[in-house]
Every structure is written in C-alpha cells, then in structure tokens.
Amino acid sequence: MEERKVSWLELFYDLIFVVAISSTTHLLLEIEKEPQRMFLIMGEYLLMVVPLWWAWAGETMFLNRYGLIIKKPALFMFVQMLFMLLMTASFNLNFDATYPTFLIGYIGIRFSTILQYYSVQRCLEDEKSRKVVKLLRNYFTMTILISSSSIFFDGSLRYFILFLGMFLDIVIPLFNHNRLNSAPVDVAHLAERLGLFTLITFGETVVALIGILTGKTNHIETLLYVGLSFLVIILIWWSYYDQMDDVIDKEQETNGQLLLYSNLFLLLAVTFFAAALHLGAQQHVQPKVLVHLFFMSFFLFYSVKHFIFNRHRKGEIERKMIKRILLLGSLIIGMYLLALIVHPSVLIILICLAVLSLLDNQLRYQF
C-alpha cells in the first residue's frame, strides 16, 4: 500500500468535527446543576458525541484505504462538513424539537460516505478489495435505512430505532474483522490522523483553563488551580505523544479497527477531563462528583493509551511492561477509592493526578 501523509483537506475536515464535538461538551457542565444525575447526563452526552465521532471515523477509514483512488474527494467531504454543521446545531437537551434536523445531518454524512464506496468499487482491480467495499457498502446502506425509518415513529420507539441503526453501523465492522483483513489499512497514515484528532481535542482542556482564568487573573487560588491543571495536562499529553511514533509499528498489517475504536475512548477521556476542570473551578460542586470525573477520565486515558501501545507495538519492544502497567492501574484505582472516602479538595486531586502521571511517564517501552 502506498504510504500517505495527512493532507490539508483532511486536517480541515478533522477541525470541523473537533469543533462540532467541542460544541457538545458544554452539556457535561449540566452536572453542576444536577449532580445526582451525573451518570445519566454522561449517557446523554454519549448519545450525542458518538454519532459525531462515528461520522468522522467512517470517512477516515474510507480515505485511509481508498483516498488515493477516489476522484475529487473534496466534493464529498465539503458536503459532509455542511451536514455536520446542521447536525451539531441540532444538539440540545430538548432533543424532540431538533430531531428532524439531527437526522438529516447524520444521514447526509453517512450517505455521502456510502456514495464514495459505490464510486470507488469500479476503480478496484483486486477482487478481495472489491468484496470488502461491497461488504461495507451493503452493511452501511442497511443500517442507514434502519436509522432513517425512525422518522415514521414517535416517542421512545423513534430514538430506539435511530440509535439501533447507529449501533449496528458501528459494531458490524468489528464482527467482520477477519474479512476486513483483506483490505489492510495504512497504519502510519491512520495513526497520524488519530493522533492529530486527539491532539486537537486537547484544545478543550486549554479552553477550559482560559475560561477559568478570565476575570480572575489576580486570584492566587485560581492561578494555583490553573497551574496545577496545566501541569497535569502536559504530563498526560507527554505520556502519549512522546512515545507514540517510536512504539507503534507503522508497518503492521491490520484492519485498523482496534486502533480506530480506541480513539473514541481517548476522545471521551479528554472531553471528560475538560469538563472536570470546568466543574473543579466551581466552589459549590460536590467533591464526590469531582473525584468521579477526574479519576475516571485519567484512568480511561491511561488504560486506552497502554492498550494501543501494547496492541500495536513494534516486535522488538520488550513484553515485560504488562505487570508494571497493571501495578500502576491498581494504584490509580486505589487512590480513587480512597478519595471517595476522604473527599479531598480539588487541588489535592490534581496533585495526586500529577504524581500518577509522573509515574506513568516512567513506564518507558524499551527496545
């Protein structure tokens, strides 16, 4: 497979989606008003952000495999960006009022991707590649029809059918991973796309800190909070990006599914952490809520990062890391449980995360 570099068009496309995801993150701040509904609000957030991510992921995988073959991909991608604007503007807590425009936006994005599969199939000479295209095209067409049929129903049944179609759209490639091996991805290109997407998402944490500082730049406690928060952000960023290029095997032959789906959990970890930073700056947020959000987001990022590194590491890297990873994971869980009992201040929570991040950064993958 010819190696590809991320294009300016792909970067523009990624930026549109990251901004769209950013616009939904504010929904997590509703936890401040109703802390007793924290996990329910997080579930509602997932129902909004996962379709956004999947719309991006579907196009990303297509471009990785067939971006060098399809003619004028910009035409399809610009159309998807327009539908993304409509879909993003339809997100709010009164979902009934904006459901039709959300559906049009989602169907428009996915239908555009399906049209690309139809377009590229006749350009492929390899029979195995043609079968993969046909497989994905047919499955995605079926699932989009399921989601589209939700327009004919009302109430809870409407949303059940809508998200059933989306769920099948997401999981069907996982159940066909052996057949997708016939069309391996360009790991170097995919890892770069995923890394850049996650990196831009880190901007949410910076936006959170700027919002906290605004109007309070002369408050010592606020400056300390922002300083500690930024230190933790740096350490989390460093733990992933400092070793990513050296650890991940760019020559590995794989269908790319695990690498792609892991990106969703990195995205959630970063956005949850950004929300925790916002809420942590509020003096009236319950300590238990902050403990849940900070430790959960940190543990999620930590776990997914090491999963990616171990699953896609180069062959010459030592295999003795697993015990040390599990040991540190146990330490994170232990600190989380202790924090639920003693209810530490948010500054103490940040110090704990900084120490855990420093320990995590010591888990270097050796060649």
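The values are calculated or read from the model by the stated rules, or taken from the named source; none is laboratory data. Since the model is a prediction, treat every value here as computed from it, not as a measurement. Counting neighbours? That spans all protein chains shown, and the Cβs are built from the backbone with ideal geometry, glycine included. Remember, those area values only see protein heavy atoms, side chains included, never the ligands or the DNA or RNA. Shrake-Rupley method; radii C 1.70, N 1.55, O 1.52, S 1.80 Å.
For helix 95-121, what angle does its Cα long axis make with the longest principal axis of the chain, in degrees from 0 to 90 and rounded to 10?
50 degrees
Roughly how much of residue 238 is accessible, in Å² to the nearest 10, using a 1.4 Å probe?
120 Å²
Please get the size of the charge dipole for region 50-196, origin at its Cα centre, with Cβ charges of +1 on Lys and Arg and -1 on Asp and Glu, quoted in debye to the nearest 20.
Rounded to the nearest 20 debye, it is 440 debye.
Output wanted: per-residue J couplings in Hz (rounded whole) for region 233-242, from phi through Karplus 6.51 cos²θ - 1.76 cosθ + 1.60, θ = phi - 60°, x for Gly and Pro.
4, 4, 5, 5, 4, 4, 5, 9, 7, 5
Report residue 245's accessible area, 1.4 Å probe, all protein chains in place, as a number in Å² to the nearest 10.
Counting only protein heavy atoms, the figure is 90 Å².
Which value in deg cm²/dmol, rounded to the nearest 500, describes the helix-derived mean residue ellipticity at 222 nm for the chain, given -39,500 (n - 2.57) per DSSP H run of n ≥ 4 and division by the residue count?
-25500 deg cm²/dmol
Rounded to the nearest 20 Debye, what is the dipole magnitude of the chain about its Cα centre when Lys and Arg each give +1 and Asp and Glu each give -1 at the C-beta?
The dipole of the chain has a size of about 620 debye.
Just to confirm my numbers, what's the Cα centroid distance between region 267-294 and region 137-188 in Å?
Using only Cα atoms to place each centre, the spacing works out to 32 Å.
Figure the gain on full extension for residue 241 and residue 159 (residue separation times 0.36 nm, minus the Cα-Cα span) and round it to one decimal in nm.
Details: separation 82, 0.36 × 82 = 29.52 nm, distance 3.82 nm.
Here the segment from residue 241 to residue 159 would lengthen by 25.7 nm.
Taking a cut-off of 21 Å between Cα atoms, list the lysines near residue 33, but don't count ones fewer than 8 places away on the same chain.
Partners found: 288.
Just to make sure I understand: if all protein chains stay in place, what is the order of 130, 193 by accessible area at 1.4 Å, largest first?
Largest accessible area first, the list is 130, 193.
Using +1 at the Cβ of each Lys and Arg and -1 at the Cβ of each Asp and Glu in the chain, identify which of 62, 75, 17 lies farthest towards the dipole's positive end.
So the residue we want is 62.
Residue 186's amide H: which non-local residues (gap 5+, or another chain) put their own amide H closer than 5 Å, with H modeled 1.01 Å from N in plane and none for Pro or chain starts?
Here nothing satisfies the definition.
Would you work out which of 295, 308, 208 lies farthest towards the positive end of the dipole of the chain, given +1 charges on the beta-carbon of Lys and Arg and -1 on that of Asp and Glu, about the Cα centre?
Of 295, 308, 208, it is 308.
For region 1-160, max minus min Cα coordinate along each principal axis, in Å, sorted largest first?
Projected onto the principal axes, the Cα atoms of region 1-160 cover 56, 35, 24 Å.
What length, rounded to one decimal in nm, is gained on full extension from residue 171 through to residue 89, with 0.36 nm per residue of separation minus their alpha-carbon distance?
26.9 nm
Give the accessible area for residue 12 in Å² (nearest 10); use a 1.4 Å probe, count only protein heavy atoms, and leave out ligands, DNA and RNA.
Here the accessible area works out near 100 Å².
Taking 7 Å along the Cα-to-C-beta vector as the label spot, tell me the residue 6-residue 333 distance in nanometres, rounded to one decimal.
According to this spin-label approximation, the distance is 3.4 nm.
Can you give me the relative contact order of region 259-367 as a percent, contacts being Cα pairs under 8 Å and 6 or more apart?
34 percent
Once you put a point 7 Å from the Cα of residue 359 and another 7 Å from the Cα of residue 178, both along the Cβ direction, what distance in nm separates them?
Modelled inter-label distance: 4.1 nm.
May I ask you to evaluate 6.51 cos²θ - 1.76 cosθ + 1.60, the Karplus curve with θ = phi - 60°, for each residue of region 134-150 and list the ³J(HN,Hα) values in order in whole Hz, giving x for glycine and proline?
5, 4, 5, 4, 5, 5, 5, 5, 4, 5, 5, 5, 5, 4, 5, 5, 5
Where does each of 59, 204, 44 land when they are ordered by accessible area, with a 1.4 Å probe and the largest first?
On the way: 59 0, 204 30, 44 60 Å².
Output order, biggest surface exposure first: 44, 204, 59.
Taking the alpha-carbon distance from residue 5 and a cut-off under 22 Å, which lysines remain once sequence neighbours fewer than 8 residues away in the same chain are dropped?
Output for residue 5: 71, 72, 250, 314.
How large is ³J(HN,Hα), in whole Hz, for each residue of region 174-181 in order, when computed from phi with the Karplus curve 6.51 cos²θ - 1.76 cosθ + 1.60 and θ = phi - 60°, using x for Gly and Pro?
5, 6, 10, 4, 5, 6, 6, 4
Name the long-range amide H neighbours of residue 248: under 5 Å, sequence gap of 5 or more, or other chain; modelled H, no Pro or chain starts.
Excluding prolines and chain starts, which carry no amide H, there are no hits.
Along the charge dipole of the chain, which of 268, 87, 247 sits closest to the positive end, that is, farthest toward it, with unit charges on the beta carbon of Lys, Arg, Asp and Glu (+1, +1, -1, -1)?
With unit charges placed on the Cβ atoms, the residue in question is 247.
When the dipole is taken about the Cα centre of region 258-329, and only Lys, Arg (+1) and Asp, Glu (-1) are charged at their Cβ, what size is it in debye, to the nearest 20?
Numbers: 9 positive and 2 negative charges, 69 e Å.
In debye, rounded to 20, region 258-329 gives about 340.
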